[in-house]
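Worksheet: one structure, shown below.
Rule-based calculations on the coordinates, nothing more; no lab input. All figures in this text were calculated on a predicted structure; none of them were measured in a lab. A quick note on method: Cβ atoms are made from the backbone with ideal geometry, for glycine too, and the neighbour counts reach across all protein chains shown.
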Amino acid sequence: MSSPFVYEEPLKPPEQLADRVAELALLRERAGETRNSRLEGPRRYGKTSLLKAALDAADKDGFVPIYVNFLGVLSTADVTDRIERAYREQLDGPLKQWFAGIVSTLRPRLKATPGGVGVEISPETQTPALLDRLSLPRRLQERHGRQCAIAFDEFQDVVRVSDALAGTMRSELEQHGSAAGYIFSGSHPGLMRDLFSDRRHAFFAQAKPIPLPRLGSEDLADYIGARFQHGGRDAGEALELLLRTADGHPQRAMLFAHQLYEQTKRGNPASTDEWVKAYAAATLDATSEVQAAWDSWNNSERRIMAVVATRTTPLQGRVAQDEFGISKTGGNLLTISGLEREGQLVSDDTTRTGWRVVDPLLEQWLANGRAWPGSR
């Protein structure tokens, strides 16, 4: 039997979601009231999996679920295309027929080039075309009496196109009333927070933040243990080591569980030996990723991350200065703020710095002098 633990992509079906019971219930409630929400958390904390679970719940409640991923959009035309494609691919039955009819009445995303050969993107048609696609929930409600639950994932990339684009989108979405409830999510915590919390941005105060904390050890133990049992395996004493090492990180917990499952034979509870092999396989999987993160930081960021990874070294002190090169002058708070905005650090009152590295594997690699424990 293949491993039941998915760690490389969002979970499907939604029933595989680990914990997040309270967050899912709140999203379902707010979608049912057509009130907007936004997920708040670092990368790989299961936001996309939770979005899709919330849409699945909304579907069961009679709503029309639509998921739009804006990752990598570069223009208004890109945003328009993603929205239209989502409706075309995700509607079914009578609603799919309705879409086929109404889409021909919408203003085109492109216009014919002179002479009628080929098409070109026309700036004067981009905004009207986008507004037409954004208005689909209102039109659907008017025609069929149905409400939509819509998830906009990687929404920070819309803002990266331009602030004006975000303002254009809000101008239509704020007219939807009971036609649709929106859930916004993105992988850049700082940009997402700014967009909804800064008065200078178009979506200020337009969605309730729903924070995603680390997963609880008890819930993870139940989730992992049950799937081992279903596969005729026993996580044994290795489960405690797994939970301690994952430190509540959703994706890393699934990575460790997958590797441990692969190392565990039927009828033999996993021991420390199986865990050591599983951990080595997980670090091999993560090596290029943590090295890429290190390569992307400047020297100030590298020093801060290295100190924070120890958890026991205060930023203000001789050890930080002598062993890590931390400057006595200002600038540390600005560097920390930037790393927090990128989702590399989160506040943690239990550490000497008041911060913690989000990714436990990255933390272990940094704390061990940019090498994996046991590799030297």
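General remarks:
- Relative contact order computed over the range 169-263 (Cα-Cα under 8 Å; 6+ residues apart), in percent: 19 percent
- DSSP beta bridges fully contained in the chain are about 25 percent antiparallel.
- FRET E, pair E262, R170, Förster distance 45 Å, beta-carbon r, rounded to 0.05: 0.45
- The shape of the chain can be summarised by an equivalent ellipsoid whose semi-axes, obtained from the alpha carbon gyration tensor, come to 41, 27, 18 Å from longest to shortest.
- Mean separation of Cα contacts under 8 Å (6+ apart) over length of the range 118-213, as relative contact order %: 28 percent
- Centre-to-centre separation between the Cα atoms of the range 316-359 and those of the range 152-218: 28 Å.
- Residue-averaged [θ]222 nm for the chain, counting only DSSP H segments that reach four residues, each worth -39500 (n - 2.57): -16000 deg cm²/dmol
- Per-pair calculated FRET efficiency, R0 = 45 Å: S347 and A280 via Cβ, rounded to 0.05: 0.90
- Measuring max minus min along each principal axis, the C-alpha atoms of the range 218-262 give extents of 25, 20, 17 Å (largest first).
- Each of the GluC sites (Glu not before Pro) that DSSP puts in a loop and that has at most 12 other Cβ atoms within 10 Å breaks the chain; the longest unbroken stretch is 175-376.
- The trypsin sites (Lys or Arg not before Pro) of the range 1-79 that DSSP puts in a loop, and whose beta carbon has at most 15 other beta carbons within 10 Å, are R35, R43.
- Ranked from largest, the principal axis spans of the Cα set of the range 281-376 equal 40, 27, 25 Å.
- Contact order normalised by residue count of the chain, Cα under 8 Å, 6+ apart, percent: 18 percent
- Relative to the longest principal axis of the Cα atoms of the chain, helix 123-134 runs at roughly 80 degrees.
- Principal-axis tilt of helix 21-32 within the chain, Cα atoms, nearest 10 degrees: 10 degrees
- Using 0.36 nm per residue and subtracting the Cα-Cα separation, the extra length available between S337 and E29 on full extension is 107.5 nm.
- Nearest-0.05 FRET efficiency for D222 and S296, computed from C-beta distance (R0 41 Å): 0.65
- In the range 259-320, the trypsin sites (Lys or Arg not before Pro) that fall in loop regions by DSSP, at most 14 other Cβ within 10 Å: K265, R266
- Phi to ³J(HN,Hα) by Karplus 6.51 cos²θ - 1.76 cosθ + 1.60 over the range 257-274, Hz, x for Gly, Pro: 5, 4, 5, 5, 4, 5, 8, 9, 8, 4, x, 10, x, 5, 10, 4, 4, 5
- Charge-dipole axis of the range 182-222 as Lys and Arg at +1 and Asp and Glu at -1 on Cβ define it, positive-most pick from G186, S197, I210: S197
- Interchain or long-range residues, amide H under 5 Å from E40's placed H: I210, L212
- The string of couplings for the range 164-172 from the Karplus curve (6.51, -1.76, 1.60, θ = phi - 60°) is 4, 5, 4, x, 4, 5, 4, 4, 8 Hz, one whole number per residue in order, with x for Gly and Pro.
- Between the range 224-297 and the range 2-60, the Cα center-to-center distance that results, in Å: 23 Å
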